[in-house]
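K.L.:
Once you've had a glance at the structure underneath, I'll fire off some questions.
The values are calculated or read from the model by the stated rules, or taken from the named source; none is laboratory data. Since this is a predicted model, take the numbers as computed values, not measurements. Every residue, glycine as well, gets a Cβ built from its backbone with ideal geometry; the counts of neighbours run over all protein chains shown.
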Amino acid sequence: MAFNIEMIKGVYQKIKNKVDKARKIKGSPLTLAEKILYSHLWDSELKKPFSRGVDYVDFAPDRIACQDATAQMALLQFMQAGKKKVAVPTTVHCDHLIQASVGASKDLQTALNNSNEVFNFLESVSDKYGIGFWKPGAGIIHQVVLENYAFPGGMMIGTDSHTVNAGGLGMVAIGVGGADAVDVMAGMPWELKFPKLIGVKLTGKCSGWTSPKDVILKVAGILTVKGGTGAIIEYFGPGAKSMSCTGKGTICNMGAEVGATTSTFGYDKSMERYLRSTGRSEIADAANDVKDYLTADPEVYENPENYFDEVIEINLSELMPHVNGPFSPDIATPVDEMPEKARENSWPLKVEWGLIGSCTNSSYEDLSRAASIAQQAIDKDLKTKAEFGINPGSEQVRFTAERDGFIEVFENLDAKIFTNACGPCIGQWAREGADLQEKNSIVHSFNRNFAKRADGNPNTHAFVASPEMVAAIAISGRLDFNPLTDSIINNKGDKVKLEEPTGWELPPKGFEVEDAGYIEPSKDGSKIDVVVSEKSERLQLLEPFKPWNGENIVNAKLLIKALGKCTTDHISMAGPWLRYRGHLDNISNNCLIGAVNAFNEKTNFIKNQLTGEYQGVPDVQRSYKDNNIDTIVVGDHNYGEGSSREHAAMEPRHLGVKVVLVKSFARIHETNLKKQGMLGITFDNENDYDLIKEDDLFDFVDLKDFSPGKKLTIHVKHSDGSKDIIYANHTYNDQQIEWYKEGSALNLIKKENLN
């Protein structure tokens, strides 16, 4: 079934004129990313080309997707916007609130029992405001979007950093915070700084043990976790055309781990095959009519260095399988270098778990290739030496894989089949023994491997690899196992070698499903009541944040100076805290509890300047709030890396933090801070970070003159009576300064809707 087909046809009807006009005004050939961006401008009257990395631009996305953890806060905000229906096609997907424990059926029922209140809330809000609802068990949001909603040349936003998965089907799909989604739901433009462009030319062809996953693992090693910040990565070349559509999705998905705004591929035959296989031939036919507009102009790919800000070239025929990690997805290690590197770094060589799935590697093709390795193990009289777990991407994938025998193969190898949901990938994994915090290694095909992410154990060394590599390593039980060269001793004592994986790009018998898990919203939701109990521990209606008083901030106290990596997981942890994503006050009890205090290198242990005692971060901040004391958070590089989690911005705002001052921001987090009426700024001289002391007070002496491009002057007053004067940069434009003045972007939306 092709959802929203008339909307898609409308995009294609207009794309030629819009792109041709943009090409003329720019005066040069266009990349695919530029074609999509210029054809989705809010203001159709393009007068001049935009400067990459400089100009803020208003866009009109085609659709929105929300996962259940972030949808709660997004929809709670939308309920305050004064609108009767969403202005663009929107969906909610229940995939995050399902804990992986004993297996699919029991785990799903447990989730339904434990989170029924939240699921009912999301379903009723969706029904009321015209939002498509995918119930628990239907699948992981990004796999479901790829199967049902993504289309070449489209633009979408989603309240999850891995929304970028849809780039595998030729979209510009961007992860945002809930407040951004609310703008678009409410029929308003969506603002983005016009991205820089990184081109990745792929030559050769993947074969043997090398897979699309290894492409992004290689790219992560080249760019690092912040090398793609503010840029769209566009893949092209013969190697790109040789890949499956879902393989392209895998690559785009994990582009979030290098900070990229999104990643995308030009429309080709693999995308057409995927569209037709998933019941969307009508879209494929429409795309074929404008196919030249759904990829870059030929001149771009012929001379990419003239059109991209950076070009990377990878020969797939020479690319080795990679295993990335631990603790950061950009620590890239070719499999043949792992033995030496693991020993040098004292990484545990015994692998305890191998996990396959997540939004980046849970397609039919992924499962088929992993199943081919599992079947070999059975045939060669091998057992897995590590525990083995599978998370199918969607009910359609799971049902089809079961029909074709893959699920049975995994079960014959004693694999645990988890729900079609995120589970271990996001910290929703009840792993036995994790509470002991023992040093150990796991290998998974997920995208993110920060400390504590999978199982809550800070000593779990998580490594990222392709599904087929995960299967091989799980069978061997060794981190340093290289299936290209190494043998395994089977149950008979014989040395056996695993052969290269095989698989199917698409199911030969077609996809099949009995109940995909979709619920269509009512045409008229006006009579539907959305009830939130005042006694609820899971849901809480929002109160507007207070507007800025127009005065300089003076005598602000330091809450915490965060040392080193401070991701959204450090600022607002997932795992068990997911249950409070709809209750701002309760979830604020995890605010910055994972951040490392620079003055004692401990987590959740900071000085309360009112008492001199050391307490947890939320406790200290609540005491400051009770005493009407403004506070500031100081951070390191790439602050807010990782998830789109707007709670990481909303929690400090709710508790009374006024300023976040860091060396550099991750893109989504900086935007989220702006949306919530926070002052998110960066050191003009990053060495000034070292000047900040534990008992400091901060005066923002020229905040009254807050304006675009103007540095802010901060007097840092030390407890010994001395003072340092430092300067901070910001990226606020006039519109964003209005958000700050009004107290949040939502406050401004409400104000405009009332006028």
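K.L.:
Starting from region 268-282, keep only residues that are on the phi > 0 side of the Ramachandran plot and modelled with pLDDT of 95 or more, then list their pairs with residues that are outside any helix (DSSP H, G or I) and of a type outside the set (D, E, K, R) whose Cβ atoms are within a distance under 8 Å, requiring at least 6 positions of separation or different chains.
P.N.:
The qualifying pairs are Gly279/Met1; Gly279/Ala2; Gly279/Phe511.
K.L.:
Phe605 - would you say it is without any contact (Cβ under 8 Å) to a residue 40 or more places away in the chain, surrounded by fewer than 23 Cβ atoms within 10 Å (Cβ to Cβ) and either more than 27 Å from Ala74 (Cβ to Cβ) or of a type outside the set (Val, Ile, Thr) (or both)?
P.N.:
In short, yes.
Condition check ((1) under 28 Å from the mean Cα position of the chain (by Cα); (2) at pLDDT 95 or above) across all residues:
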{"position": "Pro576", "(1), (2)": "yes, no"}
{"position": "Leu584", "(1), (2)": "yes, yes"}
{"position": "Asn590", "(1), (2)": "yes, yes"}
{"position": "Thr603", "(1), (2)": "yes, yes"}
{"position": "Asp619", "(1), (2)": "no, yes"}
{"position": "Ser623", "(1), (2)": "no, yes"}
{"position": "His637", "(1), (2)": "yes, yes"}
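K.L.:
Then there is this: Looking at region 435-453, which of its residues are small (Gly, Ala, Ser), under 22 Å from His96 (Cβ atoms) and at pLDDT 95 or above? Give the steps one after another, and end with the answer.
P.N.:
Start the filter on region 435-453 by keeping residues that are small (Gly, Ala, Ser), which leaves 441, 445, 451.
With the extra rule that they be under 22 Å from His96 (Cβ atoms), the set shrinks to 445, 451.
Once the filter is applied, which keeps residues that are small (Gly, Ala, Ser), under 22 Å from His96 (Cβ atoms) and at pLDDT 95 or above, region 435-453 yields only Ser445.
K.L.:
Regarding region 41-52, can at least one residue be identified that is touching a Leu at 6+ places or on another chain (Cβ under 9 Å) and basic (Lys, Arg)?
P.N.:
Within region 41-52, one or more residues are touching a Leu at 6+ places or on another chain (Cβ under 9 Å) and basic (Lys, Arg).
K.L.:
Being of a type outside the set (Val, Ile, Thr) and without any contact (Cβ under 8 Å) to a residue 60 or more places away in the chain: is that true of Lys750 here? Outline the logic, then answer.
P.N.:
Details: of a type outside the set (Val, Ile, Thr): yes; without any contact (Cβ under 8 Å) to a residue 60 or more places away in the chain: no.
No.
K.L.:
Next question, about the same structure. Hey, can you tell me all the residues within region 285-301 that are crowded, with 20+ Cβ neighbours inside 10 Å and of a type in the set (A, V, I, L, M, F, W, C)?
P.N.:
Passing the criteria: Ala286, Ala287, Leu294, Ala296, Val300.
K.L.:
Looking at region 179-254, what strands (runs of 3 or more DSSP E) fall wholly within it and have at least 1 residues that are more than 19 Å from the chain's Cα centre (by Cα) and closer than 21 Å to Leu316 by Cβ?
P.N.:
196-203, 231-236
K.L.:
Further question on the same structure: Within region 692-722, which residues are loosely packed, with under 15 Cβ neighbours inside 10 Å and farther than 23 Å from Trp548 by Cα?
P.N.:
Listed by number, the residues that qualify are Asp695, Ser719, Asp720, Gly721, Ser722.
K.L.:
Could you tell me which of the residues Lys218, Lys205, Lys248 is more than 17 Å from Ser363 (Cα to Cα) and touching a helix residue (DSSP H, G or I) at 6+ places or on another chain (Cβ under 9 Å)?
P.N.:
The unique qualifying residue is Lys205.
Condition check ((1) surrounded by fewer than 24 Cβ atoms within 10 Å (Cβ to Cβ); (2) assigned to a loop (DSSP other than H, G, I, E, B)) across all residues:
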{"position": "Ala421", "(1), (2)": "no, yes"}
{"position": "Asp435", "(1), (2)": "yes, no"}
{"position": "Glu438", "(1), (2)": "yes, yes"}
{"position": "Ile442", "(1), (2)": "no, no"}
{"position": "Asn447", "(1), (2)": "no, yes"}
{"position": "Ala451", "(1), (2)": "yes, yes"}
{"position": "Gly456", "(1), (2)": "yes, yes"}
{"position": "Ala462", "(1), (2)": "no, no"}
{"position": "Ile473", "(1), (2)": "no, no"}
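K.L.:
Taking region 140-157 as the region of interest, how many residues are over 16 Å from Glu282 (Cα atoms) and either aliphatic (A, V, I, L, M) or surrounded by fewer than 24 Cβ atoms within 10 Å (Cβ to Cβ) (or both)?
P.N.:
The qualifying residues number 7.
K.L.:
Moving on to the next point. Given the conditions (1) among the β-branched types (Val, Ile, Thr); (2) closer than 26 Å to Lys523 by Cα; (3) surrounded by fewer than 17 Cβ atoms within 10 Å (Cβ to Cβ), which single one is not true for Thr110?
P.N.:
(2)
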